[in-house]
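Visitor: Just dropping this structure here.
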Amino acid sequence: MIDIRNLSFYYDNEESALLDIDINIKKGESVALIGPNGCGKSTLLKVINGLVFGTKGDYLFLGDSVDRKTMKKKDFTKNFHRKIGFIFQDSSVQLFCTSVYEEIAFGLKQMGYEENIIKDRVCDILKFLDIEHIKNKKPYHLSGGEKKKVAIGAALILNPLVLTLDEPLNGLDPKSKMFIKNMLIDLNKSGKTIICATHDFHYVDGIFERAIVFSKDHKIIRDGKYKDIIEDKEFLKNNNII
Ligand code: ADP
């Protein structure tokens, strides 16, 4: 499903963020991206979501190349964004509508769905995320945990195949962390592919089958079973992860 081949990424200041990355992720996997700050996890999520493109190498999503050229084609981009959702680390930068309802409805409105279908789908999502009581609130008045749920709702409304999240538990209280953790487990059980940058090892226990570990010099140093990697304390210590 996600096929990244020999990809490197350099920011404009020529600072490298990803070096010679090879990753293949199949439908239904749950993958944690792990590594010290600045190792390239967020940049990789941006690549996977077609927000930036490799300076070198290829990225294929469901067999189609995702690059500057293909992402200029309206039909391709629309179809691509329906299939993959991105939850930013800071939900505040992702929310821009006047109410929670509008925020969650936005994706379907953009796709041109009828109002009654939109209403039903938004109600389902509000219920699923247990945020029906805040549907008329302004997103910027919400708590961190509520904002995160709204950002997730805005992504889920399009029923994407893949959900990508950047440190989704950062700054949340324990109750919100548990809610998001259990929700990710349920979504993965229902068949969605989950790709998530994380360092919150205590709370994410049980979500991931696989972990991909990056070194501080932006290379993949390990790719394997999440449980094996997380239990290898010496490896994690030696690579500044714990
Ligand atoms: P992580 O998510 O693992 O903390 P990032 O992907 O944010 O890592 O960053 C990878 C590298 O790219 C770091 O060295 C960081 O300083 C650099 N970087 C990130 N964003 C930018 C940017 N917008 N411009 C220039 N360099 C950046």
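Visitor: Please work out if residue 55 is surrounded by fewer than 17 Cβ atoms within 10 Å (Cβ to Cβ) and within 18 Å of the chain's Cα centre (by Cα).
Guide: Criteria not met by residue 55.
Visitor: Scan the range 10-42 for residues that are more than 8 Å from the ligand (Cβ to nearest atom), in a strand (DSSP E or B) and under 18 Å from residue 60 (Cβ atoms) and jot them down.
Guide: The answer is 20, 21, 22, 23, 24, 25, 31.
Visitor: Can you name every residue in the range 80-104 that is in a helix (DSSP H, G or I) and either under 24 Å from residue 1 (Cα atoms) or in contact (Cβ under 8 Å) with a residue 40 or more places away in the chain (or both)?
Guide: Taking the range 80-104 as the starting set, the residues that turn out to be in a helix (DSSP H, G or I) are 80-83, 91-93, 100-104.
Passing the criteria: 80, 81, 82, 83, 91, 92, 100, 103, 104.
Visitor: Can I ask one more? Please find, within the range 54-79, the residue that is farthest from the ligand (Cβ to nearest atom) out of those that are touching a residue at least 40 places away in the same chain (Cβ under 8 Å) and among the hydrophobic types (A, V, I, L, M, F, W, C).
Guide: 62
Visitor: Taking the range 66-84 as the search range and keeping residues that are of a type in the set (S, T, N, Q) and surrounded by 14 or more Cβ atoms within 10 Å (Cβ to Cβ), which one is nearest to residue 162 (Cα to Cα)? Steps first, answer last, please.
Guide: Taking the range 66-84 and keeping what is of a type in the set (S, T, N, Q), we get 70, 77, 79.
Among the residues that remain, those that are also surrounded by 14 or more Cβ atoms within 10 Å (Cβ to Cβ) are: 70, 77.
Values: 70: 19, 77: 15 Å.
Of everything passing the filter in the range 66-84, 77 is nearest to residue 162 (Cα to Cα).
Visitor: In addition: Report the residue count in the range 22-52 for those that are free of Cβ contacts under 8 Å to residues at least 40 places away in the same chain, on the phi < 0 side of the Ramachandran plot and touching a helix residue (DSSP H, G or I) at 6+ places or on another chain (Cβ under 9 Å).
Guide: 1
Visitor: Something else about it: Tell me which residues, restricted to the range 108-120, are acidic (Asp, Glu) and assigned to a loop (DSSP other than H, G, I, E, B). First the steps, then the outcome.
Guide: Looking only at the range 108-120, we keep the residues that are acidic (Asp, Glu), and these are 114-115, 120.
Across the range 108-120, the qualifying residue is only 114.
Visitor: A follow-up question, please. Between 230, 207, 241, 185, which is touching a Gly at 6+ places or on another chain (Cβ under 8 Å) and away from the ligand (no atom under 16 Å from the Cβ)?
Guide: Numbers: 230 fails: touching a Gly at 6+ places or on another chain (Cβ under 8 Å); 207 fails: touching a Gly at 6+ places or on another chain (Cβ under 8 Å); 241 fails: away from the ligand (no atom under 16 Å from the Cβ).
That would be 185, the only listed residue that is touching a Gly at 6+ places or on another chain (Cβ under 8 Å) and away from the ligand (no atom under 16 Å from the Cβ).
Every number here is computed from the coordinates shown, using simple stated rules; none is lab data. Please read all numbers here as calculations on a predicted model, not as lab measurements. In this analysis, Cβ positions are derived from the backbone assuming ideal geometry, glycine residues included, and neighbour counts consider all displayed protein chains.
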